[in-house]
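Chemist: The following block contains the structure, expressed as structure tokens.
The values are calculated or read from the model by the stated rules, or taken from the named source; none is laboratory data. These figures come from a predicted structure and were not determined experimentally. Cβ sites come from the backbone with ideal geometry, for glycine too, and all protein chains shown count toward neighbours. Surface areas here come from the heavy atoms of the whole protein model, side chains and all, with no ligands, DNA or RNA. Shrake-Rupley method; radii C 1.70, N 1.55, O 1.52, S 1.80 Å.
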Amino acid sequence: MPTGTLPGVVIGVDLGTTSTKAVAYDTDGRLLASHTAGYPLDDPQPGYAEQNPEVILAAVVGSIRAVVAELAAPVAGLSFGSAMHSLIGLDQDGNPLTPSVTWADARATRQAERLRAVPSGLALHRRTGTPMHPMSPLPRLLWYAEQEPKLFERVAHWVGIKEWVLLRLCDALVIDHSIASGTGLMDIHRLEWDTEALTIAGITEEQLPRLVATTAVLPGLTPQAATATGLPKRTPVVVGAGDGPLANLGLGAVHPGMVACSIGTSGAMRVMVERPGVDPLGGVFCYALTEDRWTVGGAINNGGIVLKWAGTALAPELGEHAEEELVAIAARAPVGSGGLIMLPYLHSERAPHWSALPRGAYVGLTHGHRREHLVRAALEGVCQQLALVLSSVRAAGNEVREIRAGGGFARSGLWRQMLADVLGLPVSFPAAHEGSSFGAALLGMQALGLIPSIDVAADLVRIEETVRPNPAAAATYASLLPLFAELYDALVPAFTSMRRLAPGLPAQPVTPAGPPM
């Protein structure tokens, strides 16, 4: 096993929603080794989305160990990224009393709606950078206080998944400013826990981890963690940041005006800014990366998962992994899908409305539409939702000069062109990098003094292709986008009624009764 240090190799560890990825890079941005370990996202009740923290810890340790074993050189340090908004209740000894409740969990919908409805809700959003949405730990803490008060009283510390992993690896209870800016509990302008938010949540500052910079360096691993990972105990550990801001870094979108767009299972649009702030209507979030770099943008729940649904619902004969075939089907339909619009809210939605209320809908369906129109409209709907997020980014006072995009969808030429056409702007696609794990490694390199600053990311990321919008297609989508936006408001009353009626509707087909005897 390596025993020294090489001033150029950092392992970026990204704790994602369904897998952890550990990737080793040198200071030239070269990928040296990588390993991914998956884990389930459990839904024990409708609207729940939670995970076993021990399973994730095992994935983290196993991924690091596999990368260390593959490397021919020593490691200068570890640096962490994580999906944001997770919440775990710990006892006094640091043992989990709850599962890790993820951003996708909707159990706190009513608590979030209450917070949004009061005048102080928008003020709290502007102060903390986090929308009042069930993804946020703030309304989820309120849910625990109201629905599980005895458990709530037993919790000594409330943390996210990265904080718990670092506690187990390094015996340090800390939270970085980036993850904290996604809790709804930290004043992003003062970088302190927000007194009003803590009062609403019913917790104290002592129940939360200590706030630290994303570049904070923990002195090393516990003996048990060192043995498990194959690293020396003195290996520096950089606390790191949230996966959204790190994805900007991983795409090289580090300067103002450079927007990072990602579409994986979900999707997001984010621009880097030098001072924190949100738009007047609260359509965007604002999350920290470093003291002078913040990301303003919005995430959507429904990205590539919409294509997966289209395969299951519209082309089941193609099987589970039929993305290429589905895109080929969509390509047979014209731009604009013959006037068919899909609101792709299969898993509710986040930006820019930040409401758990909406549901998916096809609008404009006629007898002339075929399967290819339905599939294409689903893809177009995802891109149109991202265009609404981009409008909110601009409304927050941000210039948009360049868009860089990544994620699984970027492998498809049709999606690439469609995104450029819907946004009406050229979109650049970097050569393959591992997104948030690369961003985590770069942040770690800055923290350890191996690179001068994260600004080098713009030069390290090589652009593979720039797709320019087709003028005719862009004009069609520009004419449809206002209608797409209006449909949300028009359907809110229907969404409200559907939520009221849903509990009384059968969840499974009713078996017909047999013939009378």
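Chemist: Once you wrap a convex hull around the alpha carbon atoms of the chain, what is its projected area averaged over all directions, in nm²?
Modeler: Numbers: hull surface 105.1 nm².
One quarter of the hull surface, i.e. the mean projection, equals 26.3 nm².
Chemist: Using a cut-off of 14 Å between alpha-carbon atoms, which aspartates and glutamates can reach K21, once sequence neighbours fewer than 8 places away in the same chain are excluded?
Modeler: Leaving aside aspartates and glutamates fewer than 8 places away in the same chain, those within reach of K21 are D243, E434.
Chemist: What dipole magnitude, in Debye to the nearest 20, does the chain give about its Cα centre under +1 on Lys/Arg Cβ and -1 on Asp/Glu Cβ?
Modeler: For this selection, approximately 620 debye.
Chemist: Can you compute the charge dipole magnitude of region 302-401 about its Cα centre, using +1 on each Lys and Arg Cβ and -1 on each Asp and Glu Cβ, nothing else charged? Give it in debye, rounded to the nearest 20. Each step should come with its number before you reach the end.
Modeler: Values: 9 positive and 9 negative charges, 67 e Å.
Its charge dipole is roughly 320 debye.
Chemist: Follow-up question, since we're still on this one. Send over a whole-number figure in Å² for the accessible area per residue of region 1-157, probe 1.4 Å. Intermediate values should be presented prior to the final figure.
Modeler: On the way: 6210 Å² over 157 residues.
For region 1-157, the solvent-accessible area averages 40 Å² per residue.
Chemist: Residue farthest toward the positive end of the dipole of the chain, with Cβ of Lys/Arg at +1 and Asp/Glu at -1: which of A478, Q417, G244?
Modeler: A478
Chemist: Which Cα, out of V212, M132, A253, lies furthest along the positive dipole direction of the chain (beta carbon charges, K/R +1, D/E -1)?
Modeler: In the chain, that residue is M132.
Chemist: Counting only GluC sites (Glu not before Pro) that sit in a DSSP loop (anything but H, G, I, E, B) with at most 16 other Cβ atoms within 10 Å, what is the longest stretch of the chain containing none of them?
Modeler: Between exposed loop sites, the widest span is 1-273.
Chemist: Separate question: Using only the Cα atoms of region 50-203, what do you get for the radius of gyration and for Dmax, in Å?
Modeler: Reported Rg and Dmax, both Å: 16.7, 58.
Chemist: Take L191, L78, L31, L71 and sort them by solvent-accessible surface of the protein heavy atoms, 1.4 Å probe, largest at the top.
Modeler: Numbers: L191 50, L78 0, L31 85, L71 25 Å².
Largest accessible area first, the list is L31, L191, L71, L78.
Chemist: Restricting things to Cα coordinates, could you compute the convex hull volume per residue of region 362-497 in Å³?
Modeler: Details: hull volume 22.8 nm³, N = 136.
Cα-based convex hull of region 362-497, divided per residue, equals 167 Å³.
Chemist: Please list the helices of the chain that count as membrane-span-like by this rule: a mean Kyte-Doolittle hydropathy of at least -1.0 together with Cα atoms stretching 20 Å or more along the helix axis, each helix being a complete DSSP H run.
Modeler: Numbers: long enough: 53-70 (26 Å, 1.48); 371-395 (36 Å, 0.51); 471-501 (44 Å, 0.73).
Within the chain the helices that satisfy the rule are 53-70, 371-395, 471-501.
Chemist: Mind listing which trypsin sites (Lys or Arg not before Pro) in region 409-463 are in a DSSP loop and have 14 or fewer other Cβ atoms within 10 Å?
Modeler: Details: sites: R411, R416, R462; in loops: R462.
Answer in residue order: R462.
Chemist: In whole percent, and with a 1.4 Å probe on the protein chains, what portion of the accessible area of the chain is carbon and sulfur? Write down the numbers at each step before the final one.
Modeler: Working: 11350 of 20790 Å².
It is 55 percent, rounded to a whole number.
Chemist: Rounded if a/c is under 1.5, else prolate if a/b beats b/c, else oblate: with a ≥ b ≥ c from the C-alpha gyration tensor eigenvalues square-rooted, which is region 134-285?
Modeler: On the way: a/c = 1.85, a/b = 1.04, b/c = 1.77.
Oblate, because a/c is 1.5 or more while a/b does not exceed b/c.
Chemist: In addition: With a ≥ b ≥ c the root eigenvalues of the C-alpha gyration tensor of region 226-354, is it rounded (a/c under 1.5), prolate (a/b larger than b/c) or oblate?
Modeler: Working: a/c = 2.70, a/b = 1.46, b/c = 1.85.
The shape class here is oblate.
Chemist: Right, next: For the chain, what is the mean residue ellipticity at 222 nm derived from helices alone (per DSSP H run of n ≥ 4: -39500 (n - 2.57); sum divided by total residues; nearest 500 deg cm²/dmol)?
Modeler: Numbers: 17 runs with 193 residues, N = 517.
Helix contribution divided over all residues of the chain: -11500 deg cm²/dmol.
Chemist: Could you name the aspartates and glutamates whose alpha carbon sits less than 14 Å from that of K233, not counting residues in the same chain fewer than 8 places away?
Modeler: Within the straight-line limit of under 14 Å, K233 reaches these aspartates and glutamates: D171.
Chemist: Please give the charge dipole size of region 7-72, origin at the Cα centre, charges +1 on K and R Cβ atoms and -1 on D and E Cβ atoms. Round to the nearest 20 debye.
Modeler: Details: 3 positive and 8 negative charges, 44 e Å.
Using Cβ point charges on Lys, Arg, Asp and Glu, region 7-72 gives about 220 debye.
Chemist: What is the chain's relative contact order, in percent, from Cα pairs under 8 angstrom and six or more apart in sequence?
Modeler: Working: 1170 pairs, mean separation 78.3, N = 517.
Here the relative contact order equals 15 percent.
Chemist: Counting only the heavy atoms of the protein chains, how much of T265 is accessible to a 1.4 Å probe, in Å² to the nearest 10?
Modeler: 90
Chemist: What trypsin sites (Lys or Arg not before Pro) does region 149-191 have in DSSP loop regions with at most 12 other beta carbons within 10 Å?
Modeler: Values: sites: K150, R154, K162, R168, R190; in loops: R190.
Qualifying residues, ordered by number: R190.
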